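A.B. asks: Submitted below is the structure of interest, expressed as structure tokens.
The values are calculated or read from the model by the stated rules, or taken from the named source; none is laboratory data. Note that this is a predicted model, so its numbers are computed, not measured. We place every Cβ from the backbone using ideal geometry, glycine too, and count neighbours over all the protein chains shown. Keep in mind that these areas ignore ligands, DNA and RNA; they rest on the heavy atoms of the full protein, side chains included. Shrake-Rupley method; radii C 1.70, N 1.55, O 1.52, S 1.80 Å.
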Amino acid sequence: MIHYLSKASRKAIAGTALLRLDFNTEDDWRMLAVIPTILFLLKNDCRIVIVSHRGRPEGGSLNDGVPAGFPAALHLKNDAAELSKLIKKPVIFIRHFRFAEIKKEVATSPKGSVFLLDNLRFLPGEEKNDPALARQLASLADYYVNDAFAVSHRANASVAAVTKFLESYAGLELEKEIAGLSRAVVTPNHPVVLILGGAKASDKLGVIKHFRSSGKADHFLLGGGSANSVLTLRGFDVKDSLRESDPKTLAVLTPLATDKKVVVPTDVVWGVGSDKKKILDIGPKAIRRFSEAIAAARTIIWSGPLGFIERKEYTKGSIAVARAIGRNRKAFSLTGGGETVMFLKKYKLDKQFSFISTGGGAMLDFLAGEKLPGIEALKRVKSKQTKPKQ
Ligand code: 3PG
């Protein structure tokens, strides 16, 4: 059973929280999503030790606990400053991983103090789900809160192993993610429309397989690399457009070519100049066909833009589809993934959706019906023998 922070008693969450967040984005949208959790903990007079990761650091090392030789952009110092502005109180950035020292600093700080450690992926144990690192992290706090849905598909020390050592809770944002995604995957209202775009089909295979085998999707509307691959399988010459050639990927895509539930664009927008042999957006007829399916839907799930949205002239399809989703007030609509969310925010279309997931890979894994290690770990009860040494 998952324990939710929103339902925890004041007594249970007094003391220090180890709060796992995900600041792994170019802008602050994931940080904004977890501000309510931080404010909730502060309202309860807690001390908060925030931990996060950024990127996939390589090459550096630790020098007396201080990360050295990693790219400057992967440190989290600026996040402390940014977060401080958002919560309007100091966020103390700790630039070393000398855990005994950190523990002392946290324990002697006033209630309501907020700390941020540097990028946890500077520590070799993080991505190995190392129990020794998990134990060190756990020693800093009285309980653990996961509000990092976006990294909950990774069995990392601060996401999974740490729950063996502390009472653990799902934060407010993770609670919303579980509810929102379950509504779309577990108990969706029909008709269910799944819109899949983006350059690659390979990262969406799990979602395609899950929704086909469970019979939960009524329509698959394809754009981008998935559409080009299916168009090729149907005998249409997509010329130099992005498409899949890996046999395993094609094995999943091939049945889509004859599946009546699958809608691929009947007309497309080709690029110009050196891009003239590439499909870069869906055409007006396809927009109309997609919009009809969207208008009749009761659940809409969208992952990945339908055109080459880096260029404004190829955003028409994605903008029209986002608007069509917004017009359907009866449907529960869900989207996520950095590229799609940043695009929707740029064109002020994000408010058109019932729920925006902070996850990219994590959202796709959830939609594929997979068990996420970070969520599964919250269901386990902490064992008494493994309590961290004081
Ligand atoms: C993400 O941005 O999807 C998460 O932070 C996970 O990052 P990762 O794919 O590097 O593990």
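A.B. asks: For the pairs LYS209/LYS346; LYS209/LYS371; LYS200/LYS277, note any where the Cα-Cα span goes beyond 26 Å.
C.D. replies: Values: LYS209/LYS346 31 Å; LYS209/LYS371 15 Å; LYS200/LYS277 18 Å.
Cα-Cα > 26 Å for LYS209/LYS346; rest within.
A.B. asks: May I ask you to derive the FRET efficiency for ARG234 and LYS312 from their Cβ-Cβ distance with R0 = 25 Å, giving the value to the nearest 0.05?
C.D. replies: Numbers: r = 30 Å, r/R0 = 1.19.
For R0 = 25 Å, the calculated efficiency reads 0.25.
A.B. asks: Roughly speaking, what is the stretch gain from LYS104 to ASP275, that is 0.36 nm per residue apart minus the C-alpha to C-alpha distance, in nm to one decimal?
C.D. replies: Once the chain is fully extended between LYS104 and ASP275, it gains 55.6 nm.
A.B. asks: With θ set to phi - 60°, apply the Karplus curve 6.51 cos²θ - 1.76 cosθ + 1.60 along region 75-88 and write out the HN-Hα couplings as whole Hz, x wherever there is a Gly or Pro.
C.D. replies: 7, 9, 4, 5, 5, 4, 5, 5, 5, 4, 5, 6, 9, 6
A.B. asks: How many Å² of accessible area per residue for region 217-288, probe 1.4 Å? Intermediate results must be reported in sequence, preceding the final value.
C.D. replies: Numbers: 3650 Å² over 72 residues.
Spelled out: the 1.4 Å probe surface of region 217-288, per residue, equals 51 Å².
A.B. asks: On C-alpha positions alone, give me the angle between the axis of helix 316-327 and the longest principal axis of the chain, in degrees, nearest 10.
C.D. replies: So the inclination is approximately 70 degrees.
A.B. asks: Relative contact order, percent, of region 296-384 when contacts are C-alpha pairs under 8 Å separated by at least 6 residues?
C.D. replies: Values: 96 pairs, mean separation 22.8, N = 89.
This gives 26 percent for region 296-384.
A.B. asks: So if I take the centroid of the Cα atoms in region 311-345 and the same for region 246-268, what is the distance between those two points in Å?
C.D. replies: With region 311-345 and region 246-268 each reduced to a Cα centre, they are spaced 22 Å.
A.B. asks: Right, another one. Write down the accessible area per residue of region 328-387 in Å², having rolled a 1.4 Å probe over the full set of protein chains. Please report the intermediate quantities before stating the final value.
C.D. replies: On the way: 2960 Å² over 60 residues.
Here the residues of region 328-387 average 49 Å² of exposed surface.
A.B. asks: Among the aspartates and glutamates, select those whose C-alpha is under 12 Å from the C-alpha of LYS103, and discard any that sit fewer than 8 residues away in the same chain.
C.D. replies: ASP142
A.B. asks: Here is a further query. Tell me the Kirkwood radius of region 270-390: reciprocal of the mean inverse pair distance over distinct alpha-carbon atoms, in Å.
C.D. replies: Details: mean 1/r = 0.0600 Å⁻¹.
The Cα-based Kirkwood calculation yields 16.7 Å.
A.B. asks: Okay, moving on. For the chain, give the magnitude of the charge dipole about the Cα centre (Cβ charges: +1 Lys/Arg, -1 Asp/Glu; no others), in debye to the nearest 20.
C.D. replies: 980 debye
A.B. asks: About its Cα centre, how strong a charge dipole does region 13-92 have in debye, to the nearest 20, once Lys and Arg get +1 and Asp and Glu get -1 at the Cβ? Don't skip to the answer; put the middle values down first.
C.D. replies: On the way: 10 positive and 9 negative charges, 60 e Å.
The calculated dipole for region 13-92 is roughly 280 debye.
A.B. asks: May I pose another question? Put +1 on the Cβ of each Lys and Arg and -1 on the Cβ of each Asp and Glu in the chain; which of VAL230, PHE220, PHE332 then has its Cα farthest toward the positive end of the dipole?
C.D. replies: The residue sitting most towards the positive pole is PHE332.
A.B. asks: If you count the DSSP beta bridges with both ends in region 190-330, what percent of them are antiparallel, to the nearest 5?
C.D. replies: 20 percent
A.B. asks: Moving on to the next point. Could you tell me what % of all Cα pairs in region 190-330 have separations over 26 Å? Show your work: numbers first, answer last.
C.D. replies: On the way: 1669 of 9870 pairs.
Percentage above 26 Å: 17.
A.B. asks: To continue, here is another question. Once a ≥ b ≥ c are taken as the square roots of the eigenvalues of the Cα gyration tensor of the chain, is the result rounded (a/c under 1.5), prolate (a/b larger than b/c) or oblate (a/b not larger than b/c)? Can you show the working numbers first?
C.D. replies: On the way: a/c = 2.15, a/b = 1.92, b/c = 1.12.
It comes out prolate by the Cα gyration axes.
A.B. asks: How big is the charge dipole of region 190-330 about its Cα centre, in debye rounded to the nearest 20, if each Lys and Arg gets +1 on its Cβ and each Asp and Glu gets -1 on its Cβ? Provide the component values of the computation, followed by the final result.
C.D. replies: Values: 25 positive and 13 negative charges, 95 e Å.
Using only the charged Cβ atoms, the result is roughly 460 debye.
A.B. asks: May I pose another question? Quick check on my link table: of LYS351/LYS379; LYS128/LYS379; LYS260/LYS348; LYS204/LYS260, which ones sit more than 28 Å apart, alpha carbon to alpha carbon? Write down the numbers at each step before the final one.
C.D. replies: Working: LYS351/LYS379 32 Å; LYS128/LYS379 21 Å; LYS260/LYS348 34 Å; LYS204/LYS260 19 Å.
In this structure, LYS351/LYS379; LYS260/LYS348 exceed 28 Å between Cα atoms.
A.B. asks: Quickly estimate the mean residue ellipticity at 222 nm for the chain, helices only: each DSSP H run with n ≥ 4 gives -39500 (n - 2.57), and the total goes over all residues, rounded to 500. Write down the numbers at each step before the final one.
C.D. replies: Working: 14 runs with 130 residues, N = 390.
After summing the helix terms and dividing by the residues of the chain, the value is -9500 deg cm²/dmol.
A.B. asks: Cβ neighbours within 10 Å, averaged per peptide: list 39-46, 305-312 in order, most packed at the top. Provide the component values of the computation, followed by the final result.
C.D. replies: Working: 39-46: 17.5, 305-312: 19.6.
So the order, starting with the most tightly packed, is 305-312, 39-46.
A.B. asks: Would you calculate the volume per residue, in Å³, of the smallest convex hull containing every Cα atom of region 1-103?
C.D. replies: Working: hull volume 13.7 nm³, N = 103.
It is 133 Å³ per residue.
A.B. asks: Which of the three applies to region 146-230, rounded, prolate or oblate, going by the alpha-carbon gyration tensor with a ≥ b ≥ c and a/c under 1.5 meaning rounded?
C.D. replies: Working: a/c = 2.95, a/b = 1.83, b/c = 1.62.
Note, shape of region 146-230 comes out prolate.
A.B. asks: Moving on to the next point. Scaled to the compact-protein estimate 2.2 N^0.38 Å, what is the alpha-carbon radius of gyration of region 105-193, rounded to two decimal places?
C.D. replies: On the way: Rg = 16.2 Å, N = 89, 2.2 N^0.38 = 12.1 Å.
Relative to the rule-of-thumb radius for its length, region 105-193 sits at 1.34.
A.B. asks: How far, in degrees from 0 to 90, does helix 172-185 lean away from the longest principal axis of the Cα atoms of the chain, to the nearest 10?
C.D. replies: So the inclination is approximately 30 degrees.
A.B. asks: Give me the extension gain from LYS128 to SER182: residue separation times 0.36 nm, minus the current Cα-Cα distance, reported in nm with one decimal. Mind showing how you got there, number by number?
C.D. replies: Details: separation 54, 0.36 × 54 = 19.44 nm, distance 2.85 nm.
Roughly 16.6 nm would be gained on extension.
A.B. asks: For the chain, which whole-number percentage of the solvent-accessible area (1.4 Å probe, protein heavy atoms only) is attributable to carbon and sulfur atoms?
C.D. replies: Numbers: 9300 of 17490 Å².
Whole-percent figure for carbon plus sulfur exposure: 53.
A.B. asks: Also, I was wondering about something else. List the trypsin sites (Lys or Arg not before Pro) in region 317-380 that DSSP assigns to loop (not H, G, I, E or B) and whose Cβ has at most 15 other Cβ atoms within 10 Å. Which are they? Mind dumping the intermediate values first?
C.D. replies: Details: sites: ARG323, ARG327, ARG329, LYS330, LYS345, LYS346, LYS348, LYS351, LYS371, LYS379, ARG380; in loops: ARG329, LYS330, LYS348, LYS371, ARG380.
When the trypsin sites (Lys or Arg not before Pro) of region 317-380 are filtered for loop state and at most 15 Cβ neighbours within 10 Å, ARG329, LYS330, LYS348, LYS371, ARG380 remain.
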